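Here the structure comes first, spelled out in structure tokens, and everything after it is commentary.
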Amino acid sequence: TYAAVIPRFVTALLSGARPVIYGDGKQSRDFTYVENVVEANIKACFAPKEACGRAYNIACGERYSLLDLIAHLEEIIGVKADPVFEPERPGDVKHSQGDISLARKYLGYEVKVGFREGLERTVAWYRERVKS
């Protein structure tokens, strides 16, 4: 799972460590910022009856590879990552992207915080916590 890849990469880069990538780094995910998920949940609370009983993907609707993620974090943090590449993990999904069309249609969901802005906010949050 790649749920924790952003926190792991950010903390590694902020501490001067080399992030670990399993595989070639070309695997991609539809990363989304937590505010998007909160917004979708609030919209679901007030959604019309026709929205009930459906499953929704809450995402940004676009994919970024782990190499893209590293490149963005290098720019935001101002460091060179020099990742360590480990063997691919068995059973790892190569690419995933959320189809947010039903969330748009039934919940009125729209992405509030895009990929880059979400990364910038995340790095700022981690930097603030490191100072403490």
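The values are calculated or read from the model by the stated rules, or taken from the named source; none is laboratory data. This one's a predicted model, so the numbers in the text were calculated from it and none came from an experiment. Here the Cβ positions follow ideal geometry from the backbone for every residue, glycine too, while neighbour counts run over all protein chains shown. To get the accessible areas, we keep the full protein, side chains included, count just its heavy atoms, and leave off ligands, DNA and RNA. Shrake-Rupley method; radii C 1.70, N 1.55, O 1.52, S 1.80 Å.
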### Selected residue [in contact with a strand residue (DSSP E or B) (Cβ under 6 Å, 6 or more places away or on another chain), among the basic types (Lys, Arg) and within 28 Å of residue 130 (Cβ to Cβ)] from 29, 63, 18
18
### Task
For segment 1-47, name all the residues that are buried (at least 18 other Cβ atoms within 10 Å of the Cβ), of a type in the set (Asp, Glu) and closer than 21 Å to residue 91 by Cβ.
30
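Out of 132, 65, 96, I need the residue that is modelled with pLDDT under 95 and either under 12 Å from the mean Cα position of the chain (by Cα) or of a type in the set (Phe, Trp, Tyr) (or both). Which one?
Values: 132 fails: either under 12 Å from the mean Cα position of the chain (by Cα) or of a type in the set (Phe, Trp, Tyr) (or both); 65 fails: modelled with pLDDT under 95.
Among 132, 65, 96, only 96 is modelled with pLDDT under 95 and either under 12 Å from the mean Cα position of the chain (by Cα) or of a type in the set (Phe, Trp, Tyr) (or both).
Checking the condition open to solvent by less than 30 Å² (accessible area, probe 1.4 Å) and farther than 19 Å from residue 14 by Cβ, which residue from 100, 58 passes?
Working: 58 fails: open to solvent by less than 30 Å² (accessible area, probe 1.4 Å).
Only one candidate qualifies: 100.
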### Query
Going through segment 101-120 one residue at a time, which ones are in contact with a helix residue (DSSP H, G or I) (Cβ under 7 Å, 6 or more places away or on another chain) and touching a residue at least 60 places away in the same chain (Cβ under 8 Å)?
103, 107, 108, 109, 111, 112, 113, 119
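In segment 103-132, which residues are part of a helix (DSSP H, G or I) and open to solvent by 60 Å² or more (accessible area, probe 1.4 Å)?
Matches in segment 103-132: 104, 105, 116, 117, 120, 121, 125, 127, 128, 129, 130, 131.
Of the residues 75, 50, 86, 120, which is out of contact with any Gly (no Cβ under 7 Å at 6 or more places or on another chain) and farther than 28 Å from residue 12 by Cβ?
Details: 75 fails: farther than 28 Å from residue 12 by Cβ; 86 fails: farther than 28 Å from residue 12 by Cβ; 120 fails: farther than 28 Å from residue 12 by Cβ.
Exactly one of 75, 50, 86, 120 is out of contact with any Gly (no Cβ under 7 Å at 6 or more places or on another chain) and farther than 28 Å from residue 12 by Cβ, namely 50.
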### Top-ranked residue in segment 61-92 [being open to solvent by 60 Å² or more (accessible area, probe 1.4 Å) and in contact (Cβ under 8 Å) with a residue 60 or more places away in the chain; ranked as farthest from residue 24 (Cα to Cα)]
82
